[in-house]
Amino acid sequence: MELEMSGIHKSFGAVQVLKNAQIKVGKKEIHALMGENGAGKSTLMKILTGVYSKDAGTIKINGELQEFQSIKDSEQKKIAFIHQELNLLNEMSIVDNMFLGKEMKKKFGILHQKQMTKLVKEKLQLLGLDVSPKTLIKNIAVGERQLVEIAKALLMDAELIIMDEPTAALTDKEIDLLFQIIRDLRDKGVSFIYISHRMEEIFELCDEITVMRDGSFISQKSTKDTSFNEIVKMMVGYDLDDRFPRVEVDPGETIMSVRGLTKEGKFEDIHFDLKKGEVLGFSGLMGSGRTDVMHAIFGSVPFDSGTISVDGKEVKIDSPIKAKNLGIGLITEDRKHEGLILDFSVADNMVLPSIKNFTHKKLVQPKKIASSVAEYIQKLNVRTPNQTIETKKLSGGNQQKIVIAKWLLTNPKILILDEPTRGVDVGAKKEIYGIINRLKEAGVAIIVVSSELPEVLGICDRIVVMHEKRIKKIIPREEATQEIVMEYATGGGE
C-alpha cells in the first residue's frame, strides 16, 4: 500500500496539535514515525484510522483521495493500528478477543468456533506463541498479550500496519521473531508505520524515517542516509550530547540485604546486597523472575522463604504499606494500571502514598499539597498545563515523571524502578536518568529493572543477571558488555 498524508491540521478547542503534518509511505516499506511524546504522532495516526477527523489536509491511498469517518472505514481499506495500550478484554479468551465484532457464523447465527479457533491458532503459531486460543487474556503475560494484538492485525490481512511501541514488553527472542515477520510481510507487499523510542530498533528495521516535533513535520530521511544524533537533534531541536549521563558516587554502607528469597514457580534462592548511593541493575529475559522479585521486596507478592534486611535488621514486609514505612518505593513497569489512577489529577496522583503528610487533625491541607506538587513539577520538568488536569491527558513521559514524583514525596531510602523509561522519548529518558543521578548523589539506593541492555550498561554500577528465575551472575559495570550479559541471561557463562 502507498500512503500520502499532507497538510494535515488538527485542533482541539483553542489548542492546535497538528500543523501541516505529513507522512509518505511507499509500497513494501517499513517507515518509522518518530518524535517526542506530545509531538503529534498518535494524533496523526488516529486521523489516518478514522478515530479523529482532520481540520484540513488530504489522505491518499494508492493515489486515491480518502475520507475516513470511523475505524471501520480504515479497516475496510486494510489499515490496522496496533496501539501501545493493549485493547484486549482480560476476562475473554484469545480467540474471542481476536474476533470481537467480526465473529464468523454458521447457519442461524451460530458461531463457527472451530474455524475461528483454527485461524487464530495459525496466526499465533506464526508469531511463535505456543498457547491455546481458548486461554483467557488475564492468564497470559504482558509480552504474550502484545503478540495477540499483532496476530489480530495479521488476521485481517492488513496492507498497512501501524505499530505503536510493539516491542516494549517483548524479550529479545520475541523481538527478533517479530522483526523477521515484519520483513517477511513487507516482502509480500505489506507496508508498515513503526512508532518506537528505541533508536536501535529503528536503524535495524526501518527503511525510512519521518520526524515530527510540536505537531509539525520536520523531515523525512532514508535510514541509511542519516544517524542517531541527526534524528535525535531533529526530534528535540538541539544536540543531546550524552545519551546515558552518569555520575560516579562512592557507594555507602549496605542498606538492604536479600538472602535466599524464594517463591515456588516465580523465583528461587535470590541473594544480593544493595548499598546507599548505588544503582543496581536487574537484567534478564522476560519470565526470568525480575519483576516478581521486586514485588516480593515491596510486599505486594508473598514469598515462601528467605529474608530481607533493611539497615542491618531483618524485617517482615507483607504489604506495600510496610514497605513504604521502611522507606521503600516501587515504580512499577505498568504505570497505567499499577502506578497511576488516570482519571485522577496530577496533584492527587502525586500525593496519594504520602497523603498523611498533607493532613492536620485529619483534614487535608490543599495549600500544602499545591506547594509540594508545584515543587516537583518544576524539579522533574513535568510538562502539564496545571496540577488539576487529569493525568490521562498527559504524554507517557510526563505520566512516568508523575509516578516518580509520587514516590519521591515519600522520601524513600530505597527506590525500585521497573522499566522506568519504557515508552518514553529520548528527551524524557535523559531527564529520568538525571533524576536517578540526583537521587544517587543524595545517597538513595536504587534498583533499576530494564529490558534495554544499553540502558542497564549505561546507568548501573552493578548488574544482576537472572536466568530461569535464579540469579545467574552479578557483574560490576566495568566488566559488563552486552555480549557478556546476554550470555548469562540465556544460561551460558560460568
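If you go through the range 427-440 and keep only what is more than 22 Å from E278 (Cβ to Cβ) and either touching a Lys or Arg at 6+ places or on another chain (Cβ under 6 Å) or surrounded by fewer than 22 Cβ atoms within 10 Å (Cβ to Cβ) (or both), you end up with just G427. Taking the conditions (1) surrounded by 17 or more Cβ atoms within 10 Å (Cβ to Cβ); (2) over 24 Å from V424 (Cα atoms); (3) not basic (K, R) in turn, G312 satisfies each one other than (1). Looking across the range 222-258 at every residue that is in a loop (DSSP other than H, G, I, E, B), under 30 Å from V315 (Cβ atoms) and without any contact (Cβ under 8 Å) to a residue 60 or more places away in the chain, the one that is least open to solvent (accessible area, probe 1.4 Å) is identified as E253. The residues of the range 91-127 that are more than 20 Å from I181 (Cα to Cα) and in a loop (DSSP other than H, G, I, E, B), listed by number, are E91, M92, F99, L100, G101, K102, E103, M104, K106, I110, H112. Being open to solvent by 40 Å² or more (accessible area, probe 1.4 Å) and touching a Ser or Thr at 6+ places or on another chain (Cβ under 9 Å) holds for only one residue in K413, K469, K392, and it is K469. Out of S196, S219, one residue alone is closer than 29 Å to K10 by Cα, in the same structural domain as L33 (by the TED database), free of Cβ contacts under 8 Å to residues at least 24 places away in the same chain and in contact with a Ser or Thr (Cβ under 8 Å, 6 or more places away or on another chain). It is S219. Only residues that are free of Cβ contacts under 8 Å to residues at least 60 places away in the same chain, open to solvent by 10 Å² or more (accessible area, probe 1.4 Å) and either closer than 21 Å to E103 by Cα or in contact with a Pro (Cβ under 6 Å, 6 or more places away or on another chain) (or both) were counted across the range 139-162, and they come to 3.
Step by step: first the residues of the range 342-383, then only those that are under 30 Å from the mean Cα position of the chain (by Cα) and outside any helix (DSSP H, G or I), then the one that is surrounded by the most Cβ atoms within 10 Å (Cβ to Cβ). Which residue is that? That would be V382. Identify all residues within the range 291-334 that are among the charged types (D, E, K, R) and either under 20 Å from K263 (Cα atoms) or within 22 Å of the chain's Cα centre (by Cα) (or both); write none if there are none. Hits for the range 291-334 are D292, D304, E314, K316, D318, K322, E333, D334.
Taking the range 27-60, which residues are farther than 23 Å from G237 by Cα, in a loop (DSSP other than H, G, I, E, B) and open to solvent by less than 20 Å² (accessible area, probe 1.4 Å)? Within the range 27-60, T49, G50 qualify.
Within the range 163-189, being of a type in the set (A, V, I, L, M), under 28 Å from E230 (Cβ atoms) and open to solvent by 10 Å² or more (accessible area, probe 1.4 Å) holds for A168, I175.
The values are calculated or read from the model by the stated rules, or taken from the named source; none is laboratory data. All of these numbers come straight from a predicted model, not from anything done at the bench. For neighbour counting, all protein chains shown are included, and Cβ atoms are generated from backbone atoms with ideal geometry for every residue, glycine included. The protein model used for the area step is the full one, side chains on, heavy atoms only, and it has no ligands, DNA or RNA in it. Shrake-Rupley method; radii C 1.70, N 1.55, O 1.52, S 1.80 Å.
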